[in-house]
Ligand code: SF4
């Protein structure tokens with residue numbers, strides 16, 4: 001599950017991918033195949049449901065070419081002293 005305050009994205013190592021397309025069948029809402037059978041990620045930040053499908057695809061990838069990258073999102077935007085908020 002994506003932790004509060006973070007985003008998760010599916011990543012592909014194109015050089016490692018075999019282009020057979022197992023992942024796209026397991027995560028059809030996130031991945032589609034190009035004309036040669038190589039996956040293209042269609043979703044940027046994964047929802048909870050999409051994250052589950054992405055994890056299935058990562059586990060099933062025979063070439064270990066998929067991974068999930070989680071990035072913390074700052075909860076508070078700090079402003080430089082003297083910079084006012086536009087109204
Ligand atoms: S399962 Fe892995 S190796 Fe196969 S197409 Fe998807 S990313 Fe490439």
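Observations, loosely collected:
- Rounded tilt (10° steps) of 48-60 against the dominant C-alpha axis of the chain: 40 degrees
- Shape of the chain, Cα gyration tensor, a/c cut at 1.5: prolate
- Estimated purely from DSSP H runs of n ≥ 4, each contributing -39500 (n - 2.57), the mean residue ellipticity at 222 nm for the chain is -6000 deg cm²/dmol once divided by its residues.
- Computed over the chain, relative contact order equals 39 percent, with contacts defined as Cα pairs under 8 Å that lie 6+ residues apart.
Only the coordinates and a few stated rules stand behind these numbers; no lab work does. All values reported here derive from a predicted model rather than from experimental measurement.
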